[in-house]
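**Student:** Below are the structure tokens for one structure; questions will follow.
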Amino acid sequence: MTLVAILSGAGISTDSGIPDYRGPNGLWRKDPEAEKLVTYDFYMTDPEIRRRSWQMRRTSATWHAEPNVAHRAVADLERAGVPVRVITQNVDGLHQLAGVSARKVLELHGTAREVVCTRCHARSPMAEALTRVEAGEADPACTVCGGILKSATVMFGERLDPMVLGEAMSIAKACEVFIAVGTTLQVQPAASLAGIAAEYGARLIVVNAEPTPYDELAEETIREPIGTALPSLLARLSAEADAGG
């Protein structure tokens, strides 16, 4: 049966109330200084940046966000029996909350739902760290070794986990259909997965409001809102799978 790979970017989560970063109304355009809060070198060397980062995490829209119809459509495709692998640039965990099997979701940029120690690499729930912030700790340290804690996300200046990236590349090479949804396909190496999939013969479909650098390789480009376009597209693919297409 056809393997469908879905590369999801910030655009799939905006209907859940999570703002994107690079769009016309993105966070980096509204407040360029905010980028420092998620830049590794600034974070590690400036305690004030860390304090501001913890306040940003505390008020993040992620904690109140619910999966939207697009996330649920992906989960429905999996439940329909179509082999699905989700490669996401998002750190919000909404694919899993929508019901996609965690083992079928690759989080290229990590997860905002955990923290990691930069010294001993111990991991723990973000909720625990935020409880400490609420209680008055401006920059909570690792309870194991006293090291600096950070969100278990890939900050600017950090490399992607090579094992996760390697698995994502393998999926891109193996899939028959590769859907890039809600991503500008400008951030490398994630964006290159679309090109790899096309090179290896996959049917490339781009669902995004704005043009991307990979549109010319796509069999289909869809500009309609993701909340209507993706469910319709996935329902069509599911029907094709049922028909043996």
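The values are calculated or read from the model by the stated rules, or taken from the named source; none is laboratory data. Quantities reported herein were computed from a predicted structural model and do not represent experimental measurements. No Cβ is skipped: glycine too gets one built from the backbone with ideal geometry, and neighbour counts run over all protein chains shown. Ligands, DNA and RNA are stripped out before the accessible areas are found, and what is left, the full protein with its side chains, is counted by its heavy atoms. Shrake-Rupley method; radii C 1.70, N 1.55, O 1.52, S 1.80 Å.
**Student:** Where does the chain land at 222 nm, in deg cm²/dmol rounded to the nearest 500, when only DSSP H runs of n ≥ 4 count, each adding -39500 (n - 2.57), divided by all residues?
**Tutor:** -10000 deg cm²/dmol
**Student:** Going by amide H atoms built from the backbone, whose H comes under 5 Å of the H on Ala122, apart from near neighbours?
**Tutor:** For Ala122, the qualifying residues are Cys117.
**Student:** Protein chains only, probe 1.4 Å: how do His71, His109, His64 rank by accessible area, largest first?
**Tutor:** His64, His109, His71
**Student:** Below 8 Å, C-alpha to C-alpha, sequence gap of six or more: please give me the relative contact order for the chain in percent. Working shown, then result.
**Tutor:** Numbers: 430 pairs, mean separation 56.5, N = 245.
23 percent.
**Student:** Roughly to the nearest percent, how much of the accessible area of the stretch 126-245 is carbon and sulfur, given a 1.4 Å probe?
**Tutor:** 54 percent
**Student:** Sticking with this structure for a sec: What full-extension length gain, to one decimal in nm, is calculated for Ser232 and Thr131 as 0.36 nm per residue of separation minus the Cα-Cα distance?
**Tutor:** 32.3 nm
**Student:** Which peptide among 76-86, 232-242 comes first, and what is the full order, when sorted by highest mean count of other Cβ atoms within 10 Å?
**Tutor:** Result, highest mean Cβ count within 10 Å first: 76-86, 232-242.
**Student:** Under the rule of at least 5 residues apart or a separate chain, name every residue whose amide H is placed under 5 Å from the amide H of Gly110.
**Tutor:** The answer is Val154.
**Student:** Name the cysteines of the chain that stand alone by the Cβ rule: no other cysteine Cβ under 4.7 angstrom.
**Tutor:** Cys175
**Student:** Within the stretch 154-194, list the residues whose amide N lies under 19 Å from a label point set 7 Å along Cα→Cβ of Thr45.
**Tutor:** 155-159
**Student:** Ok, one more. Could the peptides 160-168, 190-198, 90-98 be put in order, highest first, of the mean number of other beta-carbon atoms found within 10 Å of their residues?
**Tutor:** By packing density, highest mean first, the sequence is 90-98, 190-198, 160-168.
**Student:** Probe 1.4 Å, all protein chains in place: accessible area of Cys120 in Å², nearest 10?
**Tutor:** Its accessible surface works out to 50 Å², give or take rounding.
**Student:** While we're looking at this one, here's another question. For the stretch 118-123, just list the computed ³J(HN,Hα) in residue order, Karplus coefficients 6.51, -1.76 and 1.60, θ = phi - 60°, integers in Hz, with x standing in for Gly and Pro.
**Tutor:** 6, 9, 9, 6, 5, 10
**Student:** Any idea how far the Cα center of the stretch 200-245 sits from the one of the stretch 91-106, in Å?
**Tutor:** 20 Å
**Student:** Once label points are set 7 Å from the Cα along Cα→Cβ at both Trp63 and Glu219, what is their separation, rounded to one decimal in nm?
**Tutor:** So the two model labels end up 4.4 nm from each other.
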